[in-house]
Amino acid sequence: MKGIDRLDHLFETEKQLEFDRDFLSGWELYDTWDEVEVGRTHKAPNDYCVKAEDLIYYNRAIGETDPILVDQEAALANSPTGNVIAHPAFLVSMLFYCLGPKGAGTWLRTPGARNPFQDIELFEPIYVGERISLTFTTVDRFVRRGKHYITNQNDFTGSNNALKVRAYGTLILPSTREEVRRFVTA
């Protein structure tokens, strides 16, 4: 797997071990600000099958200590959901996994991207065993103070097709492929 070797010991789950962490690899194939079409909706190529190990690892990584968040046995016995609880910010992991490294929405992986704001609305909990799908629509692309922004509406639906999470994410991006190239080769 590509990435920074000194971080390899931090990756434990099946999904983490399979995920290509080298965001510089394949950057030539990523969408760029000047190419993204506002109003177009896409279905992400990958669904996220939620496993307890995914939630436990994420919760531990962000410093959670509550047993129903970091211990599957404690969660099975005491959690209101009957299993490990997903942290609300877990959707970011699902987003990168669902989008993958190629195709629409890859501007999210752009080297040099910055995240100035997001708006997240949770409708239902995310449960262990669920298959989560992502559809996303670019709802805005604009320039402010010389910086190029893109906003996506990301809708995560569960196994029952119910909307689980709607997240609006905005990034500041290099505006063209040539600007991305200058960042990557700096």
Checked the range 57-86 for anything under 17 Å from the mean Cα position of the chain (by Cα) and hydrophobic (A, V, I, L, M, F, W, C); matches are A61, I62, A86
Of the residues in the range 133-179, those that are assigned to a strand (DSSP E or B), more than 18 Å from I120 (Cβ to Cβ) and either of a type in the set (D, E, K, R) or within 14 Å of the chain's Cα centre (by Cα) (or both) come to R141, R144, K147
If we ask which residues in the range 86-127 are under 19 Å from L163 (Cβ atoms) and either of a type in the set (A, V, I, L, M) or in contact with an Asp or Glu (Cβ under 6 Å, 6 or more places away or on another chain) (or both), their number turns out to be 10
Scanning the range 36-82 residue by residue, the ones that are within 17 Å of V92 (Cα to Cα) and not aliphatic (A, V, I, L, M) total 15
Restricted to the range 43-59 and to residues being in a helix (DSSP H, G or I) and in contact (Cβ under 8 Å) with a residue 60 or more places away in the chain, the residue nearest to A74 (Cα to Cα) is A52
Inside the range 100-115, the number of residues satisfying the requirement of being small (G, A, S), surrounded by 15 or more Cβ atoms within 10 Å (Cβ to Cβ), within 11 Å of A44 (Cβ to Cβ) and out of contact with any His (no Cβ under 7 Å at 6 or more places or on another chain) is 1
Filtering the range 74-87 down to residues that are surrounded by 14 or more Cβ atoms within 10 Å (Cβ to Cβ) and not hydroxyl-bearing (S, T, Y) yields A74, A75, L76, N83, V84, I85, A86, H87
Cβ pairs under 7 Å, 6+ apart or interchain, first in the range 136-156 and free of Cβ contacts under 8 Å to residues at least 24 places away in the same chain, second of a type in the set (K, R) and assigned to a strand (DSSP E or B), ordered by first then second residue, are Q153/R166; D155/R166
Checked V36, V70, V128, V92 against criteria (at pLDDT below 90 and surrounded by 14 or more Cβ atoms within 10 Å (Cβ to Cβ)); the one match is V92
Reported set for the range 154-173 where residues are touching a helix residue (DSSP H, G or I) at 6+ places or on another chain (Cβ under 9 Å), of a type outside the set (G, A, S) and surrounded by fewer than 22 Cβ atoms within 10 Å (Cβ to Cβ) is L171
Checking T185, T170 in turn, the sole residue that is of a type in the set (S, T, N, Q) and modelled with pLDDT of 90 or more turns out to be T170
Does the range 111-131 include one or more residues that are part of a helix (DSSP H, G or I) and among the polar types (S, T, N, Q)? no
* What do you reckon, is A52 farther than 30 Å from T32 by Cα, of a type in the set (G, A, S) and surrounded by 18 or more Cβ atoms within 10 Å (Cβ to Cβ)? -> no
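The values are calculated or read from the model by the stated rules, or taken from the named source; none is laboratory data. Everything quoted here is computed from the prediction, not taken from an experiment. Cβ atoms come from the backbone with ideal geometry, glycine included; neighbour counts cover every protein chain shown.
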